[in-house]
1. Pairs only if they're at least six apart or on different chains, beta carbon under 9 angstrom, first in region 250-261 and more than 16 Å from Lys298 (Cα to Cα) and assigned to a strand (DSSP E or B), second modelled with pLDDT of 90 or more and among the basic types (Lys, Arg); list them, first residue then second.
2. Does Lys164 meet the test of being in contact with an Asp or Glu (Cβ under 6 Å, 6 or more places away or on another chain) and open to solvent by 60 Å² or more (accessible area, probe 1.4 Å)?
3. From the list Thr75, Thr95, which residue is surrounded by 14 or more Cβ atoms within 10 Å (Cβ to Cβ) and under 30 Å from Gly175 (Cα atoms)?
4. Out of the residues in region 102-122 that are assigned to a strand (DSSP E or B) and open to solvent by 40 Å² or more (accessible area, probe 1.4 Å), state the one that is modelled with the lowest pLDDT.
5. Any idea which of (1) in contact with a helix residue (DSSP H, G or I) (Cβ under 6 Å, 6 or more places away or on another chain); (2) without any contact (Cβ under 8 Å) to a residue 12 or more places away in the chain is the one Met18 doesn't satisfy?
6. Look at region 265-310 and say how many of its residues are open to solvent by less than 30 Å² (accessible area, probe 1.4 Å) and either in contact with a Pro (Cβ under 8 Å, 6 or more places away or on another chain) or in a loop (DSSP other than H, G, I, E, B) (or both).
7. Residue check: is Pro153 surrounded by 13 or more Cβ atoms within 10 Å (Cβ to Cβ) and not in a strand (DSSP E or B)?
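The values are calculated or read from the model by the stated rules, or taken from the named source; none is laboratory data. Worth saying up front: this structure is predicted, and the values here are computed from it rather than measured. Using ideal geometry, Cβ is built from the backbone for each residue, glycine included, and neighbour counts are taken over all protein chains shown. Protein only, heavy atoms only, side chains kept; ligands, DNA and RNA dropped before computing areas. Shrake-Rupley method; radii C 1.70, N 1.55, O 1.52, S 1.80 Å.
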Amino acid sequence: MSVFWALYAFFFAVPFPMILYYSINYAGGERSALSLSGPYLALTYLSVSVLLWTYWLARIFRKWVLQPLRDEHRTRRLVREGMLRDAAVIASKATGKMIQGHPQLSVTLRFGNLAGTPIQETLSIVDTRPAQRRFDVGKSVRLRISRDLGTLPVLAIDGSEVQKDQGRWLLAILGWLLLLAAVVAYYLLSYHYEHGGTGWRFLVFFHPLLICPLTLLGIGWLFGGGIGKLFLGTGDVLTLKYGGYRTEARLLDAQQTGTYINEQPQVRFELEYEDVQGITHRATVKKVISLLDMSITKTPVIPIFYLANQPQKVVFAADLEG
């Protein structure tokens, strides 16, 4: 997610609910006693609020602080134990960035996945030995592919050096501590200025202490791929790309499901294909199609990737190769 969209989403998750709540409930400067919650309901709201904020802060801590450590450990293991593959450099260009004095490159590689199916992938590589021109177009490099496709990373250059950005990691810890302090401070300030001698009865369902963490978790789910898993079926993309077979599927039928994402229709494709053993399978794929690409619903054959041990899991090759 870009910085702009992150700030845009944050505004609607935190400042916007606060502006609405306080402008409506404190329009006259004082809150009406009729809008107070009952004692037990207020305690329920308080408990749910604390649980939501705790869960959100735990997710942020895992993403900002623990995830880099896990990625470092997994990358080291990948470089040490991953399956070797020879890859051809088909595109390479400098990004213009320097990482610890070394140029960063965007390198597109073509190689066989775990099933031997030719695929291509673009990696951001810090070239610590640029004089050797190891990543020029036409050169061959050795890759390591993870045998466990359920977690990232799944691909690394053989012999890569893994280094943690210590400064960024410490900054992430500081940022998380500031978030924790801000949440605690908001609880204290809310109670100090709003309780009016009634304890936590000022808490209602639409109070920002409840709505803000709910919204933050919802936005995190959406931007974390939730909408894709719900409507687009993208949960097995890594497994299909790095462990699947490529073949041509016959299009049996294509019908709109009635669901629209950004005014683009979702289409249900009924496909039939033969696997590497010659066995015929039928599979259903739901995909949101741009109105400009609706001609695909009339195409007699569509390239797909499938899993040999789960033939019903299918994805269009264009979604992996684009």
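1. Pairs found: Thr257/Arg268; Thr257/Lys286; Thr259/Lys286.
2. Numbers: in contact with an Asp or Glu (Cβ under 6 Å, 6 or more places away or on another chain): yes; open to solvent by 60 Å² or more (accessible area, probe 1.4 Å): yes.
So Lys164 fits the description; yes.
3. Working: Thr95 fails: surrounded by 14 or more Cβ atoms within 10 Å (Cβ to Cβ).
None of the others qualify; the one that does is Thr75.
4. Of region 102-122, the ones assigned to a strand (DSSP E or B) are 102-112, 118-122.
In the following step, the residues that additionally are open to solvent by 40 Å² or more (accessible area, probe 1.4 Å) were identified as 102, 110, 118, 120-122.
Values: His102: 88, Arg110: 96, Pro118: 94, Gln120: 93, Glu121: 93, Thr122: 93.
Per the stated criteria, the residue is His102.
5. (2)
6. Adding up the residues that qualify gives 4.
7. Working: surrounded by 13 or more Cβ atoms within 10 Å (Cβ to Cβ): yes; not in a strand (DSSP E or B): yes.
Yes.
Residue by residue, here is whether (1) modelled with pLDDT under 95; (2) under 20 Å from Leu214 (Cα atoms); (3) part of a helix (DSSP H, G or I) holds:
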position	(1), (2), (3)
Tyr8	yes, yes, yes
Phe11	yes, yes, yes
Ile19	yes, yes, yes
Glu30	yes, no, no
Ser47	no, yes, yes
Leu52	no, yes, yes
Leu57	no, yes, yes
